[in-house]
Structures are given as C-alpha cells and as structure tokens.
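Here the structure is laid out as structure tokens; the discussion comes afterwards.
The values are calculated or read from the model by the stated rules, or taken from the named source; none is laboratory data. Model, not experiment: these values are computed from the prediction. Cβ atoms come from the backbone with ideal geometry, glycine included; neighbour counts cover every protein chain shown. Accessible surface areas use protein heavy atoms only, side chains included; no ligands, DNA or RNA. Shrake-Rupley method; radii C 1.70, N 1.55, O 1.52, S 1.80 Å.
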Amino acid sequence: MTKRKQIAIYGKGGIGKSTTTSNLSAALSDIGYNVMQIGCDPKNDSTTTLRNGKPIPTVMDTIRSGSHDLSNLIHEGYNGIHCVEAGGPEPGVGCAGRGIIAAIELLDSNGIIDDYDPDIVIYDVLGDVVCGGFAIPIRQGIAEQVYTVTSSDYMAIYAVNNLFKGILKYSGSGGALLGGIIANSITKTSQRDMIDDFSGKTDTEVIEYVPRSPTVTRCELDGVTTIEGAPDSKQAEVYRELARKVINNKNAYIPKPFEADDLADWASSWINRLLLEEKVTHDGIQSGGSGV
Ligand code: ADP
Ligand code: MG
C-alpha cells in the first residue's frame with residue numbers, strides 16, 4: 001500500500017478548479033486509484049459532475065439536520081469516488097472559511113477519511129479570499145502539495161500570486177509546497193507564453209496546459225465530467241495526462257511571488273503581445289484550438 005497523497009487545488013472563483021479537479025478525480029479513479037474529493041468552496045458544487053449533476057448536502061448541513069451517522073457526510077460519485085462538500089454557511093450569513101475549518105476538523109478528528117482509506121484526497125479550494133479558513137489545507141499539513149488553476153487573465157494570475165505569498169509564508173513551518181500550475185482555458189500561444197513567463201519568474205512550473213473546449217461545456221450540461229461523458233475526446237486525454245503527472249509528481253516549489261506593483265508592471269508588458277494575437281484572430285485567421 002503506497003502512502004496516501006493529499007493535494008489541494010486553488011484558484012480564483014470561476015477559473016475552472018472544480019471542472020479540472022473532478023476530471024482529475026475521474027481520470028485517477030479510472031486508472032484504479034481510490035479517490036476522495038473534498039469541495040472547500042461556499043458554492044458547494046465541486047463534486048456535482050461526479051454525481052450526474054445532483055448536488056450533495058454540505059458537511060455542516062448534514063450535521064445540522066441531526067444526523068449522527070458520520071458516514072452520511074460522504075457521498076458516492078462516479079466510479080466510487082468519495083465526494084464531500086465542506087462548504088460553509090450561505091453566502092452573506094457567516095464566515096465561509098470558518099465553516100470549512102469546522103468541516104475539515106470534523107472529518108479529520110473522527111478518522112472519517114481514514115475509514116475510506118483513499119489513495120489520494122483532493123481538496124478543491126476557493127483561492128481568492130484572504131481568509132484563514134481557505135489557508136487551512138496549506139497551513140496545517142492537511143495537504144502536502146498545492147496546485148493552482150489559472151488562465152492568462154490578470155485577476156486569475158493575481159490570485160495565484162497571492163496564493164504564492166501564502167505558500168511562502170507557511171513554507172518554513174511545515175506548510176504545503178507547490179506541485180505546479182495548471183494552465184486552463186488556453187486557446188492562444190501568447191496566453192501559454194505569458195503563463196510560462198509567470199512561472200519562470202516565480203520559480204515554479206506549469207504541469208499541464210488545458211485547452212478551452214466546448215466538450216467540457218456539453219458534458220457539464222449533461223451533468224458529467226469530460227472523462228465520463230466524452231472519454232474518447234482529446235480533452236479527456238489532456239485530463240488523463242494531467243492525472244498521470246499529478247500522481248507521480250514529487251515537485252515541491254517554494255514560489256517567489258511578485259510584489260503587487262511589479263506584478264501589474266509585468267502584466268502590462270504582456271498586453272501588446274496578447275492584443276496582437278487577438279487582432280490576428282479577429283481578422284479571420286483561425287482562432288485557438290478547441291481541443292475537441
Ligand atoms: P471554479 O470551480 O474555479 O469556480 P468551475 O470549474 O465551476 O470554476 O468552472 C467555471 C465554468 O468554466 C464552468 O461552466 C466550466 O464548465 C467552465 N470551464 C472550466 N474549464 C473549462 C475548459 N477547459 N473548457 C471549457 N469550459 C471550461
Ligand atoms: Mg468550484
């Protein structure tokens with residue numbers, strides 16, 4: 001029996017964390033790994049495409065409903081993947097980070113994760129909130145390796161840079177280190193080059209480039225992952241390749257984040273290149289590959 005791998009996937013809201021995480025879980029499970037996916041986002045939709053589009057109650061909702069059987073916190077998804085939504089309170093009602101801390105502590109202290117003996121636990125965490133709750137998987141050694149999903153959008157990279165500051169801050173006290181950047185929604189060479197440049201300048205590395213693809217949208221509308229809904233597509237192969245890399249990846253980068261002003265200057269230096277490629281695309285020359 002190999003040692004359990006525990007990873008956390010961070011990124012700006014809406015950037016593709018849950019889509020990427022669920023496809024990663026599905027691909028790992030197809031290879032034969034026993035997978036647990038824990039959504040740590042007040043949206044509570046991390047695992048929906050692993051469960052035919054059906055949402056599951058959050059840990060705190062289940063506890064509040066009076067359930068004493070803690071196995072009710074885990075819901076079975078695609079290919080037996082163990083799905084949990086650590087969630088948080090309704091938006092605007094309380095501190096989502098605190099809800100997540102409470103949920104993770106509950107799972108941990110009762111040995112619930114151990115009961116399922118997963119080979120890999122993947123935490124899908126909202127990463128653009130400066131809040132202790134969201135830092136929990138990094139800070140307390142719950143995850144040993146962090147990945148971040150980003151596009152080439154400035155605000156997405158800004159969120160990654162903030163995450164890098166968090167990783168750096170806890171790196172001296174046993175915090176999780178970076179396994180790599182997952183570049184998502186890539187359609188143009190300049191976008192890929194920009195993320196490569198960011199990773200080079202922050203002493204990190206891109207582990208995979210995931211194209212923007214309507215296949216992902218179609219499968220999401222059908223309530224399934226691309227791995228389940230379009231297993232023969234090029235996009236599914238990209239997710240499988242990501243899964244193979246993640247499971248074997250031992251990299252542990254301590255990132256060197258930009259200072260805030262330097263990041264803005266760096267992003268400005270890329271604008272002309274991005275605009276030029278945009279213009280070429282708009283002038284009718286083939287837009288980026290869909291990866292379908
Ligand atoms: P997050 O979990 O970061 O908030 P989601 O995974 O929910 O983001 O993704 C937000 C939206 O973007 C979803 O509708 C999803 O289908 C879409 N999306 C994410 N990645 C891709 C991709 N590579 N190609 C096409 N659509 C994508
Ligand atoms: Mg999500």
With respect to Arg240, is the statement that it is more than 16 Å from ligand 2 (Cβ to nearest atom), open to solvent by 10 Å² or more (accessible area, probe 1.4 Å) and closer than 30 Å to Glu278 by Cβ true?
no
Which residue is modelled with the lowest pLDDT, if the candidates are limited to region 179-193 and must be in a strand (DSSP E or B) and away from ligand 2 (no atom under 16 Å from the Cβ)?
Ile186
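Could you list, in sequence order, all residues of region 1-12 that are within 16 Å of ligand 1 (Cβ to nearest atom) and not in a strand (DSSP E or B)?
Lys12
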Give, as residue ranges, the helices (runs of 4 or more DSSP H) completely inside region 103-172 that count at least 2 residues that are surrounded by fewer than 18 Cβ atoms within 10 Å (Cβ to Cβ) and either within 16 Å of ligand 2 (Cβ to nearest atom) or acidic (Asp, Glu) (or both).
112-116
Regarding region 10-29, can at least one residue be identified that is over 23 Å from Tyr209 (Cα atoms) and modelled with pLDDT of 90 or more?
no
Can we say Thr48 is under 19 Å from Gly223 (Cα atoms), within 12 Å of ligand 2 (Cβ to nearest atom), out of contact with any strand residue (DSSP E or B) (no Cβ under 6 Å at 6 or more places or on another chain) and among the β-branched types (Val, Ile, Thr)?
yes
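The rows are residues; the columns are (1) at pLDDT 90 or above; (2) aliphatic (A, V, I, L, M); (3) outside the structural domain of Lys43 (by TED's automatic domain parsing).
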position	(1), (2), (3)
Ile113	yes, yes, no
Phe134	no, no, no
Ile138	no, yes, no
Thr148	yes, no, no
Met155	yes, yes, no
Ser173	no, no, no
Selection from region 36-90 of residues that are under 16 Å from Asp108 (Cα atoms) and either in a strand (DSSP E or B) or within 16 Å of ligand 1 (Cβ to nearest atom) (or both):
Met36, Gln37, Ile38, Gly39, Cys40, Thr58, His82, Cys83, Val84, Glu85, Ala86, Gly87
Here is a check on your reading of the model: is His68 of a type outside the set (Val, Ile, Thr), in contact (Cβ under 8 Å) with a residue 24 or more places away in the chain and over 20 Å from Ile138 (Cα atoms)?
no
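Could you check region 13-35 and list, in sequence order, the residues that are hydrophobic (A, V, I, L, M, F, W, C), closer than 19 Å to Arg240 by Cβ and either surrounded by 24 or more Cβ atoms within 10 Å (Cβ to Cβ) or within 16 Å of ligand 1 (Cβ to nearest atom) (or both)? Working first, answer last.
Step one: list which residues in region 13-35 are hydrophobic (A, V, I, L, M, F, W, C), which gives 15, 24, 26-28, 31, 35.
The next check asks that each one be closer than 19 Å to Arg240 by Cβ; those that pass are 24, 26-28, 31, 35.
Correct list: Leu24, Ala26, Ala27, Leu28, Val35.
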